[in-house]
Amino acid sequence: MKPGNGGFQLALGGGAAKAFAHISVLESIDELGIRPTAIAGTSMGAILGGFYSSGMPASEIRRFAVELFKRRSQLFQKLFLTGGRTWASLLDFGRPSIIDPLVLFETVFPAGLAETFEDLDIPLHVVATDFHTQSETVLSSGPLLPAIAASSALPMLLTPVVIGGRVLIDGGFVNPTPFDVFADKEVRTVAVDVTSSDFSTIKGLPSGIETWLGSISITFHSLVAAKLACSRPDLLIEPPIGHFKTMDFFKIEEILSAADASKEIYKRQVSNLLDIR
């Protein structure tokens, strides 16, 4: 694939299940026959960015993700049986959160993922939050899986990850859609933001988990809005998936269908930006 006229950098934001919409955008890029010169990702954006940067075509990422979440029983069986893993190693009740993301990702991620950033086909920048300094950490060298795990370590669900002595948690708390982390400011940047939420379907008082997840969604979306008020990427793509919930992982096919409806728009926007005829 060619980089596109002058090249472009791609930022994939966090959004848990809603970030499956990134797959539609990545497929649109593949269908244009171009590839980004660099990718930045936060949380689920880092996961999908890691797959894509490792050389997985977007269509293959779709097949893997749909198969993984298509049936709950298959996913739970995979967690039990793959590589001899057990719930005892996956769950760690003595720590602040329940699930160890490194063990989880080692269990469910596809074969062929690059072991280090240096092994990637496309340079990748992974955003995490340093818990103690309350600041952004951008990881772009060394082992890949711990970096992705750190970027995705949502408090109360996934345990923090320690890298280089730093305690790291989900990157969405500092930079949910990381279009500003690229060193080369001359290359055009495409950002995909999936932080929008529609809470109108929640009637009455939200449950405890709805309040927790909703508060996180509000925080992430507010951070993106504040950053966009100061600077913007060359192209901002916002797939129409705000009506889905953060943890709608088992609605992956519906999320993809909603995002797919705008694929021609994505392709037209990217083509116009890069002057592709």
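Since every read-out is calculated from the coordinates, none of them should be taken as a lab result. Worth saying up front: this structure is predicted, and the values here are computed from it rather than measured. Cβ: placed from backbone, ideal geometry, glycine included. Neighbour counts: every protein chain shown.
Numbers for the structure displayed
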quantity	calculated
Share antiparallel - DSSP beta bridges, the chain, percent rounded to 5	40 percent
Distance (nanometres) between label positions extended 7 Å along Cα→Cβ at Val162 and Met247	2.8 nm
Stretch gain in nm, segment Leu68-Phe199, where the contour uses 0.36 nm per residue and the Cα spacing is subtracted	44.5 nm
Point-to-point label distance, Ile265-Arg232, nm (Cα→Cβ direction, 7 Å offset)	1.5 nm
Spherically averaged projected area of segment 119-277 from its Cα convex hull (nm²)	11.6 nm²
Estimated inter-spin distance, Ala225 and Asp30, nm [label 7 Å along Cα→Cβ]	3.5 nm
Computed [θ] at 222 nm, deg cm²/dmol, the chain (DSSP H ≥ 4; -39,500 (n - 2.57); rounded to nearest 500)	-11500 deg cm²/dmol
For Ile237, distant residues with modelled amide H under 5 Å away	Ala191, Val192, Asp193
Principal-axis tilt of helix 21-31 within the chain, Cα atoms, nearest 10 degrees	40 degrees
Fewest-first ranking of His132, His22, His243, using other Cβ atoms within 10 Å as the exposure measure	His132, His243, His22
Over the chain: Rg over Rh, Cα atoms, Kirkwood Rh	0.94
J(HN,Hα) series, segment 174-182, from Karplus relation 6.51 cos²θ - 1.76 cosθ + 1.60, nearest Hz, glycine and proline x	10, 7, x, 10, x, 7, 9, 8, 6
Nearest 10 degrees, 0 to 90: helix 208-228 Cα axis against the chain principal axis	30 degrees
For Gly142, residues with placed amide H under 5 Å, excluding near neighbours	Phe117, Glu118
Segment 163-244 shape via C-alpha gyration tensor axes, a/c threshold 1.5	oblate
